[in-house]
1. Is it the case that TYR58 is away from the ligand (no atom under 16 Å from the Cβ), in a helix (DSSP H, G or I) and under 26 Å from the mean Cα position of the chain (by Cα)?
2. Is it true that ALA182 is buried (at least 17 other Cβ atoms within 10 Å of the Cβ), closer than 19 Å to TYR14 by Cα, within 13 Å of the ligand (Cβ to nearest atom) and among the hydrophobic types (A, V, I, L, M, F, W, C)?
3. Residue by residue through the range 338-370, note down the ones that are touching a strand residue (DSSP E or B) at 6+ places or on another chain (Cβ under 9 Å) and assigned to a loop (DSSP other than H, G, I, E, B).
4. Here are ILE220, ILE230, ILE238, ILE276: which of them is more than 21 Å from the chain's Cα centre (by Cα) and open to solvent by less than 10 Å² (accessible area, probe 1.4 Å)?
5. Run down ILE198, ILE161 and say which single residue is modelled with pLDDT of 95 or more and within 13 Å of the ligand (Cβ to nearest atom).
6. On the given criteria, is LEU91 open to solvent by less than 50 Å² (accessible area, probe 1.4 Å), away from the ligand (no atom under 16 Å from the Cβ) and in a helix (DSSP H, G or I)?
7. Can you tell me which residue is surrounded by the most Cβ atoms within 10 Å (Cβ to Cβ) among those in the range 27-55 that are within 13 Å of the ligand (Cβ to nearest atom) and among the aromatic types (Phe, Trp, Tyr)?
8. Can we say LYS125 is assigned to a loop (DSSP other than H, G, I, E, B), open to solvent by 60 Å² or more (accessible area, probe 1.4 Å) and within 15 Å of the ligand (Cβ to nearest atom)?
Amino acid sequence: MKIKVKNNVSFVGYIDFELDKFHGDDYSINHGSSQNSYLIEEEKTVLIDTVWVNNSEYFIENLKNEIDIKKIDLIVLNHSECDHSGALEDLMKEIPNVPIYLTDLAKKSIEGQLGEKSWDFHIVKTGDKINIGNGKELIFIDMKMLHWPDSMATYLTGDNILFSNDAFGAHYACMELFNDKADQNVLYMEAMKYFVNIINPFAFLVLKKIEEIENLKLKIDMIAPSHGVIWRENPRQIVEKYKLWSSSYKENQISIIYETMWNGTKKIAHKIAEYINIFDKNIVVKIFNISKDDKNDIMTEIFKSKAIIVGSPTCMNDILSHMSGFLTFLKCLKFKDKKAATFGCYGWSGENINILKNKLKESGFNVIDESIKPLYNPKDEDYEILPSLVENLLK
Ligand code: FEO
């Protein structure tokens, strides 16, 4: 399968409709994904990135069906993570002398993963160029920490395509390949989930990096990332979204996230939601049980929220274990400029609220003092603080 992208540029990657987990089991995949590899056939034949090692056999067979792989003049490796470099070792058995263009950190990472290699590595940095014939050049752009230290992007002059690797991607298997052909709701839902769970920890670098790329004055007609669709129609739209999402993004939403033992804490979650709904019908309120709902999807909802309310009962002098793990992940994602409140039942020692508050503060949330902490099951008097809790949260 070789799908035309533009002129002599084709997609030769792997679209995986069955994938349901990524990064081990850490990232849930709801609409499949793809590992996008691109072939440029000008006077020189260029391969940009490969696929995950599990799809290596398919990838190389597919390439052999489409071209004489001995004619590949150079490989560009935009990123060393194994979903893009996984087929490299098998490919290099077939074409061992082909030069590989990559950043110095990508070379270190590749050799760290695979062992030292005698491959013909060429280290590149921002502004370095290669002439690939027919008046076209590849220009390399360092994308450090978007999202790995070794990441880079490659720009193809003439066709004006930015091969952005992970940046501007989405875990979304879309056979139609282009953004204008994709289901827009799924595309944007998955693009946001990807941004939140992968890019957001480095969001503080996104605006600077976009400005740096804009200063290169490259005309960009297409953005071709390494996952999901190619942004063909108005590629600027995903750049604008990245700018928006990198700027303390929030919608008029509150998310209530809880874990419960005997449903006391669950009752509080629902009572708070009912109250907010009466207090202000314009606010979107969503409730998630962390032990049942997907953590990556919840993180996306937290990203959209201006405030969150987090609940766990006390259990064995601590909070419940799913919540504990969830809050560790929450801290990693480095959300900014959001408020938080806490709730949860207890039976005797009652450490839950302090633990929740401390963990939320460590994660960068502005935590309000008010909380709901019933002894055993919640009673009417436990909710007397609810109006001031909501008011302070929304202030
Ligand atoms: Fe899609 Fe960072 O690999």
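The values are calculated or read from the model by the stated rules, or taken from the named source; none is laboratory data. All of these numbers come straight from a predicted model, not from anything done at the bench. Every residue, glycine as well, gets a Cβ built from its backbone with ideal geometry; the counts of neighbours run over all protein chains shown. All accessible areas refer to the heavy atoms of the entire protein, side chains included, with ligands and DNA or RNA removed. Shrake-Rupley method; radii C 1.70, N 1.55, O 1.52, S 1.80 Å.
1. yes
2. no
3. LYS338, GLY344, CYS345, GLY347, TRP348, GLY350, GLU351, SER363, PHE365, listed by residue number.
4. ILE276
5. Of the residues listed, the single one that is modelled with pLDDT of 95 or more and within 13 Å of the ligand (Cβ to nearest atom) is ILE198.
6. Yes: the conditions hold for LEU91.
7. TRP52
8. No: the conditions fail for LYS125.
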